[in-house]
Amino acid sequence: MPEDKSLLRIKFAAAAIIFVAVGGIAFATGPVDPTAVKNEDGKYLDKEGNPTYKISADGIVDWYTYSGFRRYHSDCHVCHGPDGMGSTYAPALKDSLKTMSYGDFLNVVASGRKNVSTASENVMPAFGDHPNVACYMDDLYIYLRARANDALGRGRPAKREEKPEAYIAAENACMGKH
Amino acid sequence: MRKVLLATCLGSVAAFAAGGASANDELIKMSQNPKDWVMPTGDYANTRYSKLNQINASNVGKLQVAWTFSTGVLRGHEGGPLVIGNMMYVHTPFPNKVYALDLSQDHKIVWKYEPKQDPNVIPVMCCDTVNRGLAYGDGKIFLHQADTTLVALDAKTGKVEWTATNGDPSKGETGTSVPYVIKDKVLVGISGGEFGVHCHVTAYDLKSGKQVWRAYSQGPDDQLKFDPEKTMSLGKPVGKDSSLKTWQGDQWKTGGGCTWGWMSYDPQLDLVYYGSGNPSTWNPKQRPGDNKWSMTVFARDPDDGMARWVYQMTPHDEWDFDGVNEMILSDQSINGQPRKLLTHFDRNGLAYTMDRTNGELLVAEKYDPKVNWTTGVDMNKSSPTFGRPKVVDQYSTDKQGEDVNVKGICPAALGTKDQQPAAYSPDTQLFYVPTNHVCMDYEPFRVSYTAGQPYVGATLSMYPPPGESHMGNFIAWDGKTGKIVWSNKEQFSVWSGALATAGGVVFYGTLEGYLKAVDAKSGKELYRFKTPSGIIGNVTTYEQDGKQYVAVLSGVGGWAGIGLAAGLTDPTAGLGAVGGYAALSNYTALGGTLTVFALPQ
């Protein structure tokens, strides 16, 4: 079940990183430094250019982290448990995101994944054509990345930045609103 | 087309009327034999009461495990086995295996059924791949599979006699509920309220599996099977278009009102009772109106499906308080008058006592004092809001609006009670109710509908009521007065169906995995045993070779497996709190097992 299997997967991922490092190929499969180095219209990016969170010393979170919290607890928590903590039938994403890359995350959420055998019945649905999720991929990733790095505790972020103007425009375009 | 359909319906009714009547009589008789457990709810009245009394309040402390059986499936195990003569029938969550065990031959597996189902159904099941059990009738065992296939198996051999397709999983329609054999038909509901399904109850012919009637929870009168003049609500005819008038445009078509709970049947009145679930989406602003007939108690004629009376408990739901919990039928006196009662413990935290002949509302009271979204139901018959709950603005997620996080609503969406059925003992005239003691924050927001995709539209977080650390209670309830008689605290929600017996003992399971026996009069704990996994199954009893047994399925999961496995956050500890409440995963792990208890030799 999720516990055992996600353990296996983490071990496997760790092995893969070592292999990559030894081979000297320089693409980021594993975790990179989540520190925000750039702000693009309210979306923060790390030094690799991947989306990341920004949480100030007094606990103000960026809009994406906050939005990701909301979207997660609408569409993901029924399987992955509250706050990314895992459930009896889906892995704790707060652990998965410790090793999972941005690209792999997008891939699993968009395409889903099946793991059905005599011992398990795990199916991660494909959300690629589901606007309530597909339009908020970065929000979800950023929120879970903050959880995985222990930058954000359990529960609702108390204080947040305003919804950025560029975000509103992008959201409306994606959700098909005018 | 309609004429042709009608003709075949009438034809099949006529052809099987004789055989049908006998299937019904057979079942009524069998359910009166306390040695068997012939329907998941014990009897048509849904009492979950047994006349067996070998195990009683003075000796239950000596109970021992007599035998066990592993189902080979890990997910959440709801429901419980059937016992008919020497045979026991055990079901499992997806992939929905059925085992027939011979109790007289060392519990040997006589036959096993395992359907082939498309695993794509797994992620469209909202809250784990549970299944609540089997039905028996006319020599057949009935199973409602996850993929909505209703299958009739020969009870002796397991051979498939017929199958019927009740829904379309690619639209989010799934099967979790128990089928019911009523007269010459098999009645079954459908799940999918989190996917905007247009839900219904459907009757299939017992012999052939042909669809006889289908009655929706929302829509035009013919789809509802309502007669605007004869279908009554709170003493008045419902009138024309009673559902359509309460929805904006076509929203009723994706309106939910799912029917995944339990049913009961009164053979004298010839009425079948069940409740409908939440209107879709969970964002109330997006669906203005009362959203009839979601959240409703239905009384229907089992022959043609026509509704005799209805009562909507939570008009325009704002909290996901599905109305699907069981309707328990009892005959008790109120104010010295013998009444035919229907008692229902709703997710919304109110327990309703109604006259089941006509739907008259007699009692509606909170069965957890923490319930705060309403100040109670308007019981004044001459008031324009008669029968409606008075909603407290502070906890109205509609009034507060989209993108507002409404805090401290009690109960949580899990309800004061979910599907886990209560029991009723005619000896004590008390109901024994497994409850959740959980509150929530709820923030609705706008979502778009895509067939087969989740259609939720709210963010929730759940926690025990402020200042308390237990998340469940097991209570005794007087349905005549609407009062709690005794209440036992439980660390976690009680997600297991109760059993009351003539031995003066009440049994239930806990999420940590304990089977507990308590005194029916006082609630005093008399026995506990920790089974291999958390219990979300219902307790059953039967007699074999002169010995009484008590059986329960363990196997943690279900909706309880989501929030509680991770532990609930403590809202008062603020941001960054690890959560003051121990996680269920510290007490138990997955695995389906049937544990059967008896007294020592």
Amide H proximity to B:Tyr514 below 5 Å, modelled H, separation 5+ or other chain, gives B:Thr531, B:Ile535
Inter-part distance where region B:391-453 and region A:116-152 are each reduced to a Cα centre, Å: 26 Å
Using the per-residue mean of other Cβ atoms lying within 10 Å as a proxy for protection, in what order, highest first, do the peptides B:113-122, B:84-93, B:255-264, B:40-49 fall? B:255-264, B:40-49, B:84-93, B:113-122
Accessible area that becomes buried as A packs against B, both chains, 1.4 Å probe, Å², nearest 100: 3300 Å²
If R0 is 51 Å, what FRET efficiency do you get for B:Val65 and A:Glu40 from their C-beta distance, rounded to 0.05? 0.25
If amide H atoms are modeled at 1.01 Å from N in the peptide plane, then the residues at a separation of 5 or more from B:Val404, or on another chain, having amide H under 5 Å from its own are none
The protein assembly as shown: C-alpha gyration tensor shape, a/c 1.5 cut-off, then a/b vs b/c: prolate
Cross-link reach list, aspartates and glutamates versus B:Lys62, counting only Cα pairs under 14 Å and skipping chain neighbours closer than eight places: B:Glu525
Give the aspartates and glutamates whose C-alpha is closer than 13 Å to that of B:Lys480, dropping any in the same chain fewer than 8 places away, or say none. B:Asp331, B:Asp355, B:Glu365
Note down the accessible area of A:Asp33, probe 1.4 Å, to the nearest 10 Å². 80 Å²
FRET efficiency estimate (nearest 0.05) - Cβ-Cβ, B:Ala583 to B:Glu468, R0 25 angstrom: 0.90
Within 10 Å of each Cβ in B:453-463, how many Cβ atoms from other chains are there, averaged over the peptide? 5
Förster radius 41 Å - calculated FRET efficiency between B:Ile28 and B:Asn56, Cβ distance, rounded to 0.05: 0.95
Please say if region B:176-286 is rounded, prolate or oblate, where rounded means a/c under 1.5 for a ≥ b ≥ c the square roots of the C-alpha gyration tensor eigenvalues, and otherwise the choice is prolate for a/b larger than b/c and oblate otherwise? oblate
Over region B:140-240, with the other protein chains present, what is the accessible area per residue in square angstrom, probe 1.4 angstrom? 31 Å²
Can you list residues whose amide H is under 5 Å from B:Val392's amide H, if they're 5+ apart or on another chain and H is modeled 1.01 Å from N? B:Thr374, B:Thr375
Filter on B:Lys29/B:Lys51; B:Lys51/B:Lys159; B:Lys112/B:Lys207; B:Lys340/B:Lys483 - keep pairs with C-alpha separation over 25 Å: B:Lys51/B:Lys159
Sort B:Ser585, B:Ser276, B:Ser383 from largest to smallest accessible area, using a 1.4 Å probe on the heavy atoms of the protein chains. B:Ser585, B:Ser383, B:Ser276
Quick one: what are the phi-derived ³J(HN,Hα) couplings along region B:91-107, Karplus 6.51/-1.76/1.60 with θ = phi - 60°, whole Hz, x for glycine and proline? 10, 10, x, 2, x, 6, 6, 10, 10, 9, 10, 8, 6, 8, 10, 6, 6
Among B:Ser330, B:Val406, B:Thr202, flag the residue with its Cα farthest along the positive direction of the charge dipole of the protein assembly as shown, charges on Cβ as +1 for Lys/Arg and -1 for Asp/Glu. B:Ser330
Peptide A:122-135 - average C-beta neighbours from other chains (10 Å radius): 4
Can you give the local net charge around B:Lys236? Use residues other than it whose beta-carbon is closer than 12 angstrom to its beta-carbon, Lys and Arg +1, Asp and Glu -1. 0
Using θ = phi - 60° and the Karplus curve 6.51 cos²θ - 1.76 cosθ + 1.60, what whole-Hz ³J(HN,Hα) does each residue of region B:151-163 get, with Gly and Pro shown as x? 10, 10, 10, 4, 4, 7, 10, x, 5, 6, 8, 7, 10
Using only helices, what value at 222 nm comes out for the protein assembly as shown when you add -39,500 (n - 2.57) per DSSP H run of length 4 or more and divide by the total residues, to the nearest 500 deg cm²/dmol? -5000 deg cm²/dmol
Report the accessible area of A:Cys135, computed with a 1.4 Å probe over the heavy atoms of all protein chains in place, in Å² rounded to the nearest 10. 30 Å²
Considering the options B:Pro454, B:Phe474, B:Thr47, tell which one lies farthest towards the positive end of the dipole of chain B, charges being +1 on Lys and Arg and -1 on Asp and Glu at the Cβ, about the Cα centre. B:Thr47
Please compute, for peptide B:115-123, the average count of beta-carbon atoms on other protein chains lying within 10 Å of each residue's beta-carbon. 4
For a test of the definition: using alpha carbon positions, the gyration tensor, and the 1.5 limit on a/c, classify chain B as rounded, prolate or oblate. rounded
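The values are calculated or read from the model by the stated rules, or taken from the named source; none is laboratory data. Since the structure is predicted, the reported quantities are computational estimates derived from the model, not experimental observations. All Cβ positions, glycine included, derive from the backbone under ideal geometry; neighbour counts span all protein chains shown. Please note that ligands, DNA and RNA were not included when accessible areas were found on the heavy atoms of the full protein model with its side chains. Shrake-Rupley method; radii C 1.70, N 1.55, O 1.52, S 1.80 Å.
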